[in-house]
Amino acid sequence: MIPAMRQSFGLRRTWAYRYFVLSSIATELRLRVVGSRLGLVWLVVSPLLQVAMYALVLSTVMRSRLPGVDNRFAYAIYLLAGFLAWYPFTEIVTRCVTLFLDNANALKKIAFPRTVLPLIVLGSAAFNNCVMIAVTAAAFLLMGHVPSWQALWLPVLLLANLALAGGFGLCCGVLNVFIRDVGQLVQIGLQFGFWLTPIVYVIDIIPASYRWVIGLNPMFWVLDNYHRVLVYDQPPDFGKLAAVVALALVLLLLGRFMLRQSQAEMMDTL
Amino acid sequence: MRWFGLPIPAPDERWVLSDISFRVDPGEAIGIAGRNGAGKSTLLKMIAGITRPSAGRIALSGRVAAILELGMGFSGELTGRQNTFHAAGMMGFNQSEIEGALEDITGFAELGAFFDQPIRTYSSGMQMRLAFAVATAFRPDILIVDEALAVGDAYFQHKSMERIRRFQAKGTSLILVSHDKVALQSLCTRAILLDNGQMVRDGTPEAVLDYYNALIAQKKGETITTETLEDGRMRTISGTRQAVIEHAALEDAASKPADTVAVGATVTLVVKARAVEALPSLVLGYAIKDRLGQTFFGTNTAFSGQVIEAPQAGDTATFRITFPVMLGPGTYSIALALSAGESHLDANYEWRDLALMFDVVNLDKPAFDGKMFMPPVITVER
């Protein structure tokens, strides 16, 4: 005799759904491609255009500010590395915030572990980011920038980034079911976050006395390491990497705890 | 509701279900009936493991499959095949398991070449067949069906019932929500009636549905009682009791009580009614039903233009209804109703299911099949 409620939790049950997670990621891609001529090209068009725009507008201001990179496209390279980190983060957080609301119908009608939903988002974002990495690599080569062996740290940085985004998104997603304002707040937070993170500017342009504010931003820890390994040919700052991993784990555990605690109430609220 | 110690303003709380207790054995099928909002869906969701009860316990053994809504998780742009893999994956099956069941699914859904077309091009019947085929591709130990069978054409219903019966024979327990008496009686051996979150009846589908019908027709001042008949069936009597049936009998041509009637014989239904208080009008209605509760014939004295106007308290009336029994062999029952007008929904004085029971046997007619007797004249030319 298994109590019915025990079934819906536990990582083991989620593991049993691994095939579903993979097939859902494939399904999502398929749905995005279906009926569109350019298909997967759209995955990279909008981020690339954004990079090009910032490069055009800000390159004259920023070029001289990138010491140690001897390339006339230095700013574009810096931008690409930054967006490579920022895009998956916003994609995951944005989707996770409304994850349970978007899937309310399925959650109410089908018994499946809810942990598979964020996993699908993470997997799908990871795939998108891999495409983006390939395109970025091609762009680097075109601009004559060959990153050093330090770039091999990228998968580790990406995993830490995904975990951080997933943990943060999960917590916000659970809260958003009960307090819908969270969704709005997170959107605004991401807008501010974009400018509070050195993506389109370098931290040196911030007056030294205010830099500590940026230093408190976990996304700065992520971005700085991306920049180090992809732009400056330096090893990652392990202090920052450890901090990101630790924060990600705390958020993931908190999110899981919140998800468990809210099981019954969430079903009533959805 | 408190959450992490934070009070969150709760939308007004109420008990959707309370004091529900029942047990379903392997291979047993039970039906659940009840008005909208009685708590049927909540009960199913709890059994399916989608919601948790805030108090109490549900013990299950084996795999549970719930069809709460056909086609959940389907996406119109994907082909039938892709949707099959997706939806079955959502039930927790992996690729090789689904591939193993694919033949069975395509066989049941009968989609042919459409299986590889986007399902937005399907007719709703095709979508339903596919959804049901996927939902039941793997025999569960407990199958929960929420009125899904009420949709679809006769062919689909027949097919899905057939499949459910096969599961049952292999030991699947079935929990079915339905108001369809025929579906409940043909699949279930037992039924439960929920009302306002309480379990008000647990018995044979016939007894429970008679009670349910009395319940939905019930108005202020009406009472519902049930009696157990000699053969164990339950008789439901409802109404305001402002007029009552004092005596009811089925008599043959010689005015003897008729329990067994020959096909084509003429019988007389004799009903004596009494007005308990002064009433605006009094009408007797009757319906002849088969074993499954299907009405074969029914009419009333309002339709025949014989309304008794303004009976006084204590007045009695004896109705004699003579008719030939043009029914096939089998067991039939007669339901009686005293009301103010054409429908017992106007004012229901007394409604009595299973008021009389009789058997029809074929004594002197050529052999025939079916529930109706339609004496034929057959000529053969050669």
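All of the numbers you see were taken from the coordinates with simple rules; none came from a lab. Source: prediction; values computed, not measured. Please note: Cβ atoms are built from the backbone with ideal geometry, for glycine as well, and neighbour counts cover all protein chains shown.
Largest first and in whole Å, what are the equivalent-ellipsoid semi-axes of segment A:4-269 based on the Cα gyration tensor, each being the root of 5 times an eigenvalue?
Details: eigenvalues 241, 87, 56 Å².
For segment A:4-269, the ellipsoid semi-axes come out as 35, 21, 17 Å.
What average count of beta carbons from other chains do you get within 10 Å of the Cβ of residues in B:43-50?
Values: counts 0, 0, 4, 3, 2, 4, 9, 9.
Across B:43-50, the average partner-chain Cβ count within 10 Å equals 4.
Given a cut-off of under 8 Å on Cα pairs at least six residues apart, what relative contact order in percent is computed for chain A? Mind dumping the intermediate values first?
Numbers: 281 pairs, mean separation 71.3, N = 270.
Across chain A, relative contact order equals 26 percent.
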Q: Please report, largest first and rounded to whole Å, the three semi-axes of the ellipsoid equivalent to segment B:267-382, where each semi-axis is the square root of five times an eigenvalue of the C-alpha gyration tensor.
A: 35, 14, 12
Q: Looking at chain B, send over the antiparallel percent of its DSSP beta bridges, to the nearest 5.
A: 75 percent
Q | Tilt relative to chain A, helix A:238-261 - C-alpha long axis, 0 to 90 degrees, to 10 | A | 20 degrees
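What do the square roots of 5 times the Cα gyration tensor eigenvalues come to for the protein assembly as shown, in whole Å, largest first, as semi-axes of the equivalent ellipsoid?
On the way: eigenvalues 1005, 150, 79 Å².
Working through the eigenvalues yields semi-axes of 71, 27, 20 Å.
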Q: Have a look at B:Asn300, B:Asn362, B:Asn348 and tell me which one the Gaussian network model of chain B (Cα, springs below 10 Å) gives the largest fluctuation.
A: B:Asn362
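Only loop residues by DSSP count here, and only those with at most 15 other Cβ atoms within 10 Å; note down the chymotrypsin sites (Phe, Trp or Tyr not before Pro) in segment B:284-359 that meet that. Please list the in-between numbers first.
Details: sites: B:Tyr286, B:Phe296, B:Phe297, B:Phe303, B:Phe319, B:Tyr332, B:Tyr349, B:Trp351, B:Phe358; in loops: B:Phe303.
Hits after loop and neighbour filter: B:Phe303.
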Q: Give me the angle, in degrees from 0 to 90, between the Cα long axis of helix A:154-178 and the longest principal axis of the Cα atoms of chain A, rounded to the nearest 10.
A: 50 degrees
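Can you give the convex hull volume of the alpha carbon atoms of chain B per residue, in Å³? All intermediate terms of the calculation are to be shown ahead of the outcome.
Numbers: hull volume 87.2 nm³, N = 382.
Once divided by residue count, the hull of chain B is 228 Å³.
Taking every residue in A:107-119, how many Cβ atoms of other protein chains lie within 10 Å of its Cβ, on average? Please list the in-between numbers first.
Values: counts 1, 7, 11, 13, 14, 7, 1, 0, 0, 3, 0, 0, 0.
Partner-chain Cβ atoms within 10 Å, mean over residues of A:107-119: 4.
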Q.
Pairs of alpha-carbon atoms within less than 8 angstrom and 6+ residues apart define the contacts here; what relative contact order does chain B have, in percent?
A. 15 percent
Q | Antiparallel DSSP beta bridges within the protein assembly as shown, as percent of all bridges there, nearest 5 | A | 75 percent
Q: Mind listing the long-range amide H neighbours of B:Phe296? Cut-off is under 5 Å, sequence gap 5 or more, other chains count too, H placed in the peptide plane at 1.01 Å from N.
A: B:Ile288, B:Lys289, B:Asp290
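Could you work out the relative contact order of segment B:218-361? I mean the mean sequence separation of Cα pairs under 8 Å and 6+ apart, divided by the number of residues, in percent.
Values: 361 pairs, mean separation 42.3, N = 144.
29 percent.
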Q: Could you sort out which of A:Lys108/B:Lys289; B:Lys170/B:Lys289; B:Lys256/B:Lys289 sit more than 31 Å apart by Cα distance in this structure?
A: A:Lys108/B:Lys289; B:Lys170/B:Lys289
Q: Identify all aspartates and glutamates with a Cα-Cα distance to B:Lys45 below 18 Å; exclude those on the same chain that are fewer than 8 residues away in sequence.
A: A:Glu265, A:Asp268, B:Asp19, B:Glu69, B:Asp141, B:Asp146, B:Glu147, B:Asp195
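At 37 °C and 0.692 mPa s, grab the translational diffusion coefficient of segment B:309-359 from Stokes-Einstein with a Kirkwood Rh over Cα pairs, rounded to a whole number in µm² per second. Walk me through the numbers on the way to the answer.
Numbers: Rh = 13.4 Å.
Estimated diffusion coefficient is 244 µm²/s.
How big is segment A:103-204 by the Kirkwood estimate over distinct Cα pairs, in Å?
Working: mean 1/r = 0.0601 Å⁻¹.
Answer for segment A:103-204: a Kirkwood hydrodynamic radius of 16.7 Å.
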Q.
Please list log₁₀ I(q)/I(0) at q = 0.11, 0.13 Å⁻¹ for segment B:13-207, using the Debye equation with identical point scatterers on the alpha-carbon positions.
A. -0.51, -0.70
Q: Whole Å is fine, so just give me how far the alpha carbon centre of segment B:92-157 lies from that of segment A:11-60.
A: 31 Å
Q: Relative to the longest principal axis of the C-alpha atoms of chain B, give the angle of the C-alpha long axis of helix B:95-109, reported between 0 and 90° and rounded to the nearest 10°.
A: 30 degrees
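Dipole magnitude of segment B:13-207 about its Cα centre, charges +1 at Lys/Arg Cβ and -1 at Asp/Glu Cβ only, in debye to the nearest 20? Kindly include the intermediate steps, with their values, before the conclusion.
Numbers: 20 positive and 21 negative charges, 74 e Å.
Once rounded to the nearest 20, the dipole reads 360 debye.
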Q) For chain B, modelled as a GNM with alpha-carbon contacts under 10 angstrom, which of B:Arg274, B:Arg165, B:Arg23 fluctuates the most? A) B:Arg23
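Which peptide among A:12-23, B:306-317 comes first, and what is the full order, when sorted by highest mean count of other Cβ atoms within 10 Å? Could you put the intermediate results ahead of the total?
Numbers: A:12-23: 17.3, B:306-317: 13.7.
With the highest mean Cβ count within 10 Å placed first, the list reads A:12-23, B:306-317.
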